[in-house]
Each structure stands twice: as structure tokens, then as C-alpha cells.
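The values are calculated or read from the model by the stated rules, or taken from the named source; none is laboratory data. Keep in mind that what you see is a predicted model, and the values were worked out from it rather than measured. Every residue, glycine among them, receives a Cβ derived from its backbone with ideal geometry; neighbour counts consider all protein chains shown. Accessible surface is based on the protein model in full, side chains and every heavy atom, while ligands, DNA and RNA are left aside. Shrake-Rupley method; radii C 1.70, N 1.55, O 1.52, S 1.80 Å.
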Amino acid sequence: MMRLFGPDLHVLAGVYALDGIDDDAERSRFEHHLRRCQQCADEVREMSATATRLGFAATQPPPPPMRERVLAAAGRTRQLPPVVDHARPTGEPRQRRAGSRGRQGRPVPRLAWGVVAASLVVIVVLTTVLLRTQSELNQSRAHQVAITRVLGAPDARAVTERTSLGGTATVVYSHSRHSLILTSAHLPPPPNGKVYELWLLGPPRVRAAGLLPATAQGHTSPVLVKGFVPGDQLGMTVEPAGGTSRPTTTPILVLPLRV
Amino acid sequence: MRPAGASPGHPEGRDRNLDGLLAQVARGDENAFAILYDQLAGPVYGLIRRVVRDPAQSEEVAQEVLLEVWRTAARFDPAKGSAATWAMTIAHRRAVDRVRSATAAAEREKRTSVLLPPADDVADAVESSLERERVRRCLDGLTDLQRESITLAYYGGYSYREVAELLGITLGTIKTRIRDGLIRLRDCMGVT
């Protein structure tokens, strides 16, 4: 890949701390750099703390009913366990990592390698399906960067589930990236005039999450779904061509996105 | 709204207080979470309102953020910054995600999208506080370009490319002005 950053890379610290980088690839490159540049990481930490003061200055009383809703939701929401570094001998403190932001790397637990292996299988499937035409390839470059970010996330998990119509769906998801990738294998083609539609089934509401592309050699090319939040489940239904805004049939697949 | 323990005028004391509360929350203490809520809900909601603007959507995003604070409390690493910064970073990112995905959706539907500068009506309605005064004073110490860039990026939720477009200046200049401005704010506010 082209090197876009010279010695002036650190000037991105300000816009990074304000979430001002909207290009995923550019942000990934800067985060990669942050892991090796302690000075930049310190600067980002200070600038994030500065931004926090700006945030506190915007304080407004929230709608009163929100309090009870949030506290009640907490009461029925399981918390994530702490990140445990299995490679670390007992008693030795966790290595301090550069950076101050949730998007940056955490120590990768040993278990995650199982996910990486599963992800690699998915990548192989994905690339064979992806590398079809040059125009598709160009179009999917940004898509692939986004996919790589999910696959490379320290908290990436892979799960495969059979649908009620047969065939399987494999999902790699990352809570830290709020994104998931879905591929399917041996799913029967939808009936004429119908499509498979994906949904994020959340406690706040159900959101349409895109259509499954047509099957090629028994597989579908990867669908990237962004913006899932804790508590969402992934659902798939059969809908009229073009998709709908609300699910109208019983899901053929419901996948909890466990942490 | 704000309990006696929270003192908006003293960020360092507030930060230590929140760090301690978050550690209790990480162990599943729902009472500690209620206290944490009372201290963070106003800043979280206010910031999201500033970026997202629509009250109903802001409330939805704020709820998601506060629930994420509960859910991921054990993942908070004090070596990387204060609990306040951790929570407000999540809040800002979620708010920005919401407006950027809304913008993308609007563009897909070929609706005209109008970029609005952040209005001061929200800020005017905010209760006055020592911290707000201090922030205002520090913002006043910036050059116009630094202040506008930071305000558009942070309160407006605009990417630096959009800020450059809005202000009609180059990307390189925007990156530098935002960084220089934040350094000045940091020093003015005594952030360490």
C-alpha cells in the first residue's frame, strides 16, 4: 500500500482526538502509528482529555425518564468481563500500551487466535468470491478495508449457524468496531421475486441491515453490517425483492452477537 | 439534577471521583452506577445533543452510551486516561457515527443535505457553571480559525475534510490549526 504519511503524521493527533477522521483506512494507519509512537499516544491522550472539557461544557439536563430506563436496562444487561492476558505470568502487571482510545489494540487474549484461524477460513472464502471482475474489485476496495478492520479487531468473534431453510451463515463480528461480516454457504436460492434481508434486532428497535447478494458457487459474497450495538441480534428473513423496512416473515436465522 | 458530590468547577476532583465509581461499577455495583449516571448523564446527553441536535435521537444515543458504560466498565483502563474522558469519548464517537450514517443515508436518498453551523441556542440554554466559563475563556484565547475548526469538528461532528470545505481552507491547514488550537486549550485548561 502507498505510504501516505511522512514525518508530519503527528499533526493528525488533533483531528483524531476529535473523531474528525472519517476515512477508515486513514484512521487505521494513524492508529497503527500510535502503537509505535509513545509521544503521539501521549499527545492524543491529552487532547482527548481536553476535548472532554469541551464536552462537559455542553452539559444539559437529560430527559428525566431516561434515568429509570438506563438503570433498568443495566439491571438486565450482563457486563463484559475484564480483558485477561493469558500470556502474562500471574502477578505481573499488564503491559501498558500506547494510546488512549478504545479503538486501539488491547493485549490479544490467547483465545482470540481461534477466532483468527476461523477468520482466515472466511477470508479465503471471501476472496475467492470477491475476485470476480475488475470493476467489482475496485468497488470493493473500501469494503475490503472495512472488512479487514473487523477481522483484525482484537475482540473479533466468529460464529456459524444453520438457517431454518438449510445452509449456514457465518458471521465475524466485533463489538469494538460495531461491525459484522456475514457470508453464507449452501443457502437455497430465495423463491422467485424474493430476497434474503438482514436485520439488527435490538431492544430499542429493529433496523434493516441490507440484502444478501446472489449466491455464487454456493456462497454469498461478504456483507458488511455497521452500527450494531450491544444487545442487538442479527436476523435474516425472506422478503419481497428490493427489501422492506420492517421484517414481514418469521426469521430463518437469529444470531445473538455475544460478547 | 447534579448531586452534591459532583463539582463541575474542579475537573481533577471530579475525575478521581468518577474513576473510583467506575471501578465499583465494573464489579456490578448498580448503586454506584446510579451515582455515576447522575454525574455523567448531563455531560453525555448535552454533548450528544450538541452534535446530533434532534432530541429524540440524542436521547436514544445517550441511552446506548450510558448502557455501554455499564456493560464495558471492566474494560476501562485507567492507564489510558480518566473515566470521564473514556465515557465522553464513547459519547462523542457514537454521536458522530449517528450523524455520519444519517448523512450517508440522506445522500443515498438524494436528498439535499445542508451543512449547518452549530448554533449557540443550545449553549445559551446550558446552566452556567465554572467549568463552562473556563472553557469559554480558553476558547476565546484561540485564533478565530482555531476556534471555528475545533468547534465545527467537535460540537458539529464534522470530519476535518468537511471542516476544510466549510471554511474554504486546505486539509493541511485544518489539521495543523486543530492541533495547535487543542494544544493551546490544553495549556489554558491545565490538562495534564
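Averaged over peptide B:157-167, how many Cβ atoms belonging to another chain are found within 10 Å of each residue's Cβ? Before the final figure, lay out the partial values.
Working: counts 4, 4, 7, 11, 6, 2, 3, 0, 0, 0, 0.
Whole-number average of other-chain Cβ neighbours for B:157-167 is 3.
Calculate, for B:A23 and A:K194, the FRET efficiency according to 1/(1 + (r/R0)^6) with r their C-beta to C-beta distance and R0 60 Å; round to the nearest 0.05.
Working: r = 52 Å, r/R0 = 0.86.
For R0 = 60 Å, the calculated efficiency reads 0.70.
Summarise the partner chain shielding of B:63-69 as one whole number: the mean count of Cβ atoms from other chains within 10 Å of each residue's Cβ.
The shielding value for this peptide is 6.
Just to verify a number: FRET efficiency for B:R137 and A:R162, C-beta to C-beta distance, R0 = 45 Å, to 0.05? Intermediate values should be presented prior to the final figure.
Details: r = 62 Å, r/R0 = 1.38.
Efficiency, rounded to the nearest 0.05: 0.15.
Taking amide hydrogens as modeled 1.01 Å from N in the peptide plane, which residues meet the under 5 Å criterion relative to A:I252, leaving out close sequence neighbours?
A:M236, A:T237, A:V238
Can you compute 3J(HN,Hα) from phi for each residue in the stretch A:220-229, using the Karplus curve 6.51 cos²θ - 1.76 cosθ + 1.60 with θ = phi - 60°, rounded to whole Hz and x for Gly and Pro?
Each residue of the stretch A:220-229 in turn: 10, 5, x, 9, 9, 10, 9, x, 7, 10 Hz.
At 7 Å along the Cα-to-beta-carbon direction for both A:L211 and B:A102, put a label point, then send me their distance in nm to one decimal.
Going from the A:L211 label point to the B:A102 one covers 2.7 nm.
Based on the Cβ-Cβ distance from B:L145 to B:A79, what FRET efficiency comes out when R0 is 30 Å, to the nearest 0.05?
The computed FRET efficiency comes out at 0.30.
Please compute, for peptide B:170-178, the average count of beta-carbon atoms on other protein chains lying within 10 Å of each residue's beta-carbon.
That average works out to 4.
Which order, highest average first, do A:243-249, B:150-156 follow once you tally other Cβ atoms within 10 Å for each residue and take the mean per peptide? Don't skip to the answer; put the middle values down first.
Working: A:243-249: 13.1, B:150-156: 24.7.
Highest to lowest by the protection proxy: B:150-156, A:243-249.
Compute the distance in nm between two label points, each set 7 Å from the Cα along the Cα-to-Cβ direction, one at A:R67 and one at A:L9.
Once both label points are built, they end up 4.7 nm from each other.
On a 1.4 Å probe surface of the protein chains, which of B:L185, A:L71, B:L171 comes out largest in accessible area, and what is the full order?
Ranked list, largest accessible area first: B:L171, A:L71, B:L185.
Need one number: nm distance between label points at B:T170 and B:D187, each 7 Å from Cα along Cα→Cβ, rounded to one decimal.
Result for the modelled spin labels: 2.5 nm.
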